[in-house]
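Data block below; observations after.
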Amino acid sequence: MEQKFDYNNLPVRIITDEEDQTWFAGIDICEILGYTNPDTALRKLDEDVRKLTLLRVGSGQARKTWTVNEFGLYSLILTSTKPEAKAFQRWVTHEVLPAIRKAGKYTSEQEREFESNLRSLANEIQILKQKKDQLQTQINDTKHDIDIKTGEMIALIRSDRNQLKLPFPKEV
């Protein structure tokens, strides 16, 4: 599963493989961390922390791109000379990775708010449907009671019309 989000207006593409391991687009990480030659930085990593993966680029095409796992990500962060590397590391270790471990994906605050609002509305709709069903049951019960009382009234009227002293038409 491929996901894309922004860190300080820079893209971060993440893919989860069939073994549920998270891989980060190396070029995205290198750009955030200020590496001037991302290809060299990525090739210096141990082979078990990087691999070539098909990822979508801006045009929507899939291209082979270096990706790094969590250990490769830490290696790139630790060797970066950019002061913002610490803030990026905190974002990854305190938000992204815990969210992926917990929910299988990382979502932005806006996406989480959207999902929360959607769940809330779905719950409200469910409650309203239950209320509607209860009211419909009451309506049906009341209609049944009206039909019974109407039948009783008709039977009483037919039993002795003279007692009512109402001008009812006589049956033909």
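What follows is calculated from the coordinates using simple rules that are stated; it is not laboratory data. This one's a predicted model, so the numbers in the text were calculated from it and none came from an experiment. Note that each Cβ is placed from the backbone with ideal geometry, even for glycine, and that neighbours are counted across all protein chains shown.
Numbers for the structure displayed
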item: C-alpha long axis of helix 109-159 to longest principal axis of the chain, angle in °; result: 10
item: Per-selection Kirkwood Rh - the chain (Cα, Å, 1 d.p.); result: 21.6
item: Size of electric dipole in the chain: Cβ of Lys, Arg +1 and of Asp, Glu -1, about Cα centre, debye, nearest 20; result: 500
item: Computed label-point distance, nm, for sites residue 111 and residue 39 using a 7 Å Cα→Cβ extension; result: 3.1
item: Magnitude of the charge dipole, segment 114-159, Cβ model with Lys/Arg +1 and Asp/Glu -1, debye to 20; result: 60
item: Positive-end extreme of charge dipole, the chain - chosen from 122, 96, 67 (charges on Cβ); result: 122
item: Under Karplus coefficients 6.51, -1.76 and 1.60, residue-wise ³J(HN,Hα) of segment 5-19 in Hz, glycine/proline x; result: 9, 10, 10, 6, 6, 10, x, 10, 9, 10, 10, 10, 7, 5, 9
item: Cα-centre dipole for segment 1-101 with unit charges at Cβ (Lys and Arg positive, Asp and Glu negative), debye to 20; result: 320
item: Helix-only mean residue ellipticity at 222 nm for the chain, each DSSP H run of n ≥ 4 adding -39500 (n - 2.57), per residue, nearest 500; result: -16500 deg cm²/dmol
item: Rounded FRET efficiency, nearest 0.05, which uses the C-beta distance separating residue 122 from residue 5 and R0 of 41 Å; result: 0.95
item: Sorted peptide list for 26-38, 131-143, 9-21, criterion being average Cβ within 10 angstrom, highest first; result: 26-38, 9-21, 131-143
